[in-house]
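Working notes, structure below.
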Amino acid sequence: MEEEIMQKAADPLIVEGVVETGAQRGRELGFPTANLSLAGDAVRGDGVWAGLVRLLDEPDSWPRVAAVSVGRRPTFYDRRGPRLLEAHLLDFRGDLYGRPIRVELCQRLRPMRAFGSVEALVRQLGDDIADARGWAAAAGLEALQRDRVHVDR
Ligand SMILES: Cc1cc2nc3c(=O)[nH]c(=O)nc-3n(C[C@H](O)[C@H](O)[C@H](O)COP(=O)(O)O)c2cc1C
């Protein structure tokens with residue numbers, strides 16, 4: 001869905017797209033993600049980020065704080081693996097599949113790494129989420145992290 005991914009010229013670290021289904025591994029690992037495929041190298045910034053996700057079909061809703069991975073997931077794939085953006089929304093329950101979102105990559109947390117085991121990756125994901133919370137708190141965005149009821153439509 002190349003044409004649906006648009007990199008904003010003014011800010012190359014904003015990515016918009018329609019959420020695709022992943023391998024569902026994220027759910028099994030306890031960290032569900034909203035996935036956007038990235039066409040080629042159109043979006044720079046491989047690594048793990050703290051960011052904000054806006055649900056474009058709910059223009060009045062607050063953005064959500066997220067821990068976002070950009071890259072080829074070297075734990076599971078080699079260099080030819082698909083380049084993907086995966087956003088784990090903090091304190092969010094709900095299915096975003098098929099919905100348009102905008103992801104803002106705000107603070108780079110670390111590079112992508114190949115982990116020796118799934119357990120090691122899961123431990124790091126816990127740290128990434130804590131770091132994303134820390135970034136939001138430092139940026140004065142705690143109010144966005146309050147658990148709120150998600151209304152399915
Ligand atoms: C915050 C965050 C950080 C991640 N960091 C890495 C990483 O360093 N290396 C890696 O191989 N995959 C990383 N991933 C991707 C996970 O491997 C991926 O989310 C998981 O395998 C689920 O994939 P699926 O959505 O295709 O099921 C990260 C994902 C998130 C949400």
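Taken together, the values in this text are just the output of simple stated rules run on the coordinates, not laboratory data. Note that the structure is predicted; figures quoted are calculated from it, not measured. Reconstructed Cβ throughout: ideal geometry from the backbone, glycine too, with neighbour counts over all protein chains shown.
Please work out how much length the chain gains when fully extended from S117 to Y77, using 0.36 nm per residue of separation minus the C-alpha to C-alpha distance, in nm with one decimal.
Roughly 13.1 nm would be gained on extension.
Using only alpha carbon pairs under 8 Å that are at least six residues apart, calculate the relative contact order of region 2-143 and give it in whole percent.
Computed value for region 2-143: 28 percent relative contact order.
Go through region 44-85 and name the chymotrypsin sites (Phe, Trp or Tyr not before Pro) that are in a DSSP coil and have 14 or fewer other Cβ atoms within 10 Å of their Cβ.
Passing both the DSSP loop test and the Cβ count: F76, Y77.
Give me, ordered by chain and number, the residues 5 or more places off A139 or on other chains with an amide H under 5 Å from its own placed amide H.
Under 5 Å from the amide H of A139 lies no amide H from a residue far enough along the sequence or on another chain.
How do L141, L96, L56, L105 rank when sorted from fewest to most other Cβ atoms within 10 Å of their own Cβ?
Lowest to highest Cβ neighbour count: L56, L141, L96, L105.
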